[in-house]
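Visitor: Take this structure first; my questions come after.
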Amino acid sequence: MSKKHIGILTSGGDCAGLNACIRAVTLHACLGHGWRVTGIRYGTAGLMHSPPQTLPLTPELFDTSYLRRAGTLLGSVNTGNPFAFPMPDGSRKDRSEEVIAGYRSLGLDALIGIGGDGSLAILRRLAQQGGIPFVGIPKTIDNDVAQTENALGYATAVQVAIEALDRLQPTAASHDRVMVLEVMGRDAGHIALNAGISGGADVILIPEIPYSMEKVAEKVKAIRAGGRNFALIIVAEAVKTEGGAAMMRDLGRGETRYGGIGHYIGEAVEKLTGAEVRVTVLGHVQRGAEAVPQDRLLASVFGAHAIDMVAAGRFDRMVAWQNRDTVEVPLADIVDKSHCVDPHGVMVETARQLGISFGD
């Protein structure tokens with residue numbers, strides 16, 4: 001087999017497991033095949049530079065600390081779609097050909113991209129336009145990439161949310177309070193649901209299940225009437241108000257992000273129950289944690305398998321996790337799709353069986 005030169009980049013928000021995945025790609029490519037690996041800095045933005053921003057990746061670079069190290073040593077970008085790149089004058093410019101030219105200038109034989117559903121859709125479009133042999137690896141703390149049961153970063157984000165509930169509970173009990181915890185979940189409520197069950201939440205609010213504040217208040221009142229002096233509520237950031245409005249923050253530059261639903265819920269609970277309420281928003285704390293073992297394992301498996309896909313010439317596909325094994329799915333099957341919580345699935349059913357309210 002000819003000696004290949006492989007590029008790898010991370011795109012979108014950072015999460016736990018990225019460095020472990022880059023490490024696995026490098027080790028298997030170099031030690032298993034004798035290939036060269038080049039890391040591309042800051043995702044597609046790094047390819048817009050002339051010359052592109054890169055980092056040579058070798059086995060010697062990766063001691064075992066990278067298994068647990070948070071963030072991404074390559075840097076990442078979650079703004080600046082190259083097909084509609086924001087310019088200083090406020091206009092949008094198609095810079096996709098610049099990205100493709102940057103890729104070609106590196107003399108790469110294939111590209112591996114680690115990203116969420118949005119990033120992988122953009123990378124696939126670039127690959128199709130530029131004739132780039134491309135393999136995708138799913139990562140997102142929200143776990144909303146279609147066709148895979150788990151994505152990199154999700155398990156660690158859930159662990160962080162559980163630890164937050166573990167810390168909020170004693171304070172809630174000490175001060176007779178209701179604690180509201182807002183967690184990430186741009187399109188899906190997997191973090192809130194799984195952390196809520198594991199962390200002993202009394203109410204779980206997710207975008208997949210409509211709720212009413214009266215029902216939430218009834219649950220809190222019932223807990224207090226039963227003699228317990230505290231309650232825990234966990235809510236995904238994408239949950240809307242009762243009127244159906246998304247709670248958004250204006251970031252400028254024409255960009256908005258979710259934020260504020262935790263305080264909306266907290267104020268409503270306080271008004272309807274008379275309880276003292278405190279709100280905690282985890283935000284980016286969920287992204288930067290040291291990877292838990294599950295994410296380290298998944299990152300290693302995904303990274304090594306991606307190299308197998310390159311070696312076999314299986315491109316325009318994503319490595320995924322299904323039924324305790326790696327599988328390969330066409331990227332076409334994940335574009336414009338999302339892996340949301342099943343309102344009738346086992347996790348929701350388990351929560352209900354444990355007496356947890358979804359406010360419905």
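Visitor: From the Cα gyration tensor of region 1-157, with a ≥ b ≥ c the square roots of its eigenvalues, which class applies: rounded if a/c is under 1.5, or else prolate if a/b is larger than b/c, or else oblate?
Guide: Oblate, since a/c reaches 1.5 and b/c is not below a/b.
Visitor: Here is a further query. I need the peptides 207-214, 18-25 ranked by packing, meaning the mean over residues of other C-beta atoms within 10 angstrom, with the highest value on top. Mind showing how you got there, number by number?
Guide: Details: 207-214: 16.8, 18-25: 26.5.
Peptide ranking by packing, descending: 18-25, 207-214.
Visitor: Further question: Where does the charge balance sit around GLY266 when Lys and Arg score +1, Asp and Glu -1, over other residues with C-beta under 12 Å from its C-beta? Could the numbers behind the result be given before it?
Guide: Numbers: positive: ARG177, LYS271, ARG278; negative: GLU182, GLU267, GLU270, GLU276.
With Lys, Arg at +1 and Asp, Glu at -1, the neighbours total -1.
Visitor: Out of GLY244, PRO207, LEU193, whose Cα points farthest toward the positive end of the dipole of region 168-271 (charges: +1 Lys, Arg; -1 Asp, Glu; placed on Cβ)?
Guide: In region 168-271, that residue is LEU193.
Visitor: Enter the Cα centre distance for the pair region 257-303 and region 119-178, rounded to the nearest angstrom.
Guide: Centre-to-centre (Cα) distance: 11 Å.
Visitor: Helix-only mean residue ellipticity at 222 nm, the chain, DSSP H runs n ≥ 4 weighted -39,500 (n - 2.57), per residue, nearest 500. What is it?
Guide: After summing the helix terms and dividing by the residues of the chain, the value is -11000 deg cm²/dmol.
Visitor: Moving to a separate point now. On average, how much accessible surface per residue is there in the chain, in Å², for a 1.4 Å probe, leaving out ligands, DNA and RNA?
Guide: Result: 42 Å² of accessible area for each residue.
Visitor: Right, another one. Using Cα-Cα distances under 8 Å and only pairs 6 or more residues apart, what relative contact order does the chain have, in percent?
Guide: Result for the chain is 22 percent.
Visitor: Let me ask something else about it. For the chain, which whole-number percentage of the solvent-accessible area (1.4 Å probe, protein heavy atoms only) is attributable to carbon and sulfur atoms?
Guide: That fraction is 49 percent.
Visitor: May I pose another question? Across every pair of different alpha-carbon atoms, what Kirkwood hydrodynamic radius in Å does region 199-275 reach? Numbers along the way, then the final one.
Guide: Working: mean 1/r = 0.0744 Å⁻¹.
In region 199-275 this quantity evaluates to 13.4 Å.
Visitor: To the nearest 20 debye, what charge dipole does region 39-146 have about its Cα centre, counting +1 at the Cβ of each Lys and Arg and -1 at the Cβ of each Asp and Glu?
Guide: Working: 10 positive and 10 negative charges, 12 e Å.
The calculation lands at about 60 debye.
Visitor: Hey, of (i) 59, 48, 36; (ii) 75, 52, 37; (iii) 72, 46, 32, which did the structure itself give for Cα extents along the principal axes in Å when calculated?
Guide: (iii)
Visitor: While we're looking at this one, here's another question. Under a point-charge model restricted to the Cβ atoms of Lys and Arg (+1) and Asp and Glu (-1), what is the dipole moment magnitude of region 232-360 relative to its Cα centre, in debye to the nearest 20? It would help to have the intermediate numbers written out before the result.
Guide: On the way: 13 positive and 18 negative charges, 41 e Å.
For region 232-360, the charge dipole is close to 200 debye.
Visitor: Could I ask something else about it? Considering the options GLN169, VAL25, LEU61, tell which one lies farthest towards the positive end of the dipole of the chain, charges being +1 on Lys and Arg and -1 on Asp and Glu at the Cβ, about the Cα centre.
Guide: LEU61
Visitor: What fraction of the DSSP beta bridges in region 41-182 is antiparallel, stated in percent and rounded to the nearest 5?
Guide: So the antiparallel bridges amount to about 25 percent of the total.
Visitor: Oh, and also: Taking a threshold of 20 Å on the Cα-Cα distance, which of the pairs LYS93/LYS139; LYS93/LYS337; LYS215/LYS337; LYS240/LYS271 fall above it?
Guide: LYS93/LYS139; LYS93/LYS337; LYS215/LYS337
Visitor: Moving on to the next point. Could you give the nm distance between label points at GLU218 and THR171, where each point is 7 Å from its Cα heading toward the beta carbon?
Guide: Label-label distance for GLU218 and THR171, simple model: 3.1 nm.
Visitor: Continuing with this model, one more query. May I ask which residue of GLY313, PRO293, GLY259 lies farthest towards the positive end of the charge dipole of region 259-317, with charges of +1 (Lys, Arg) and -1 (Asp, Glu) on Cβ and the Cα centre as origin?
Guide: The one lying farthest along the dipole's positive direction is GLY313.
Visitor: When you have a sec, figure out the Kirkwood radius of region 229-360 from all distinct Cα pair distances and drop it here in Å to one decimal?
Guide: 19.1
Visitor: Share of Cα-Cα pairs in region 170-242 beyond 14 Å, in percent? Each step should come with its number before you reach the end.
Guide: Working: 1553 of 2628 pairs.
It works out to 59 percent of all Cα pairs.
Visitor: Relative to the Cα centre, what is the charge dipole magnitude of the chain, using +1 at the beta carbon of each Lys and Arg, -1 at the beta carbon of each Asp and Glu, and rounding to the nearest 20 debye?
Guide: 680
The values are calculated or read from the model by the stated rules, or taken from the named source; none is laboratory data. Model, not experiment: these values are computed from the prediction. Virtual Cβ from ideal backbone geometry, glycine too; neighbours counted across all protein chains shown. Ligands, DNA and RNA are stripped out before the accessible areas are found, and what is left, the full protein with its side chains, is counted by its heavy atoms. Shrake-Rupley method; radii C 1.70, N 1.55, O 1.52, S 1.80 Å.
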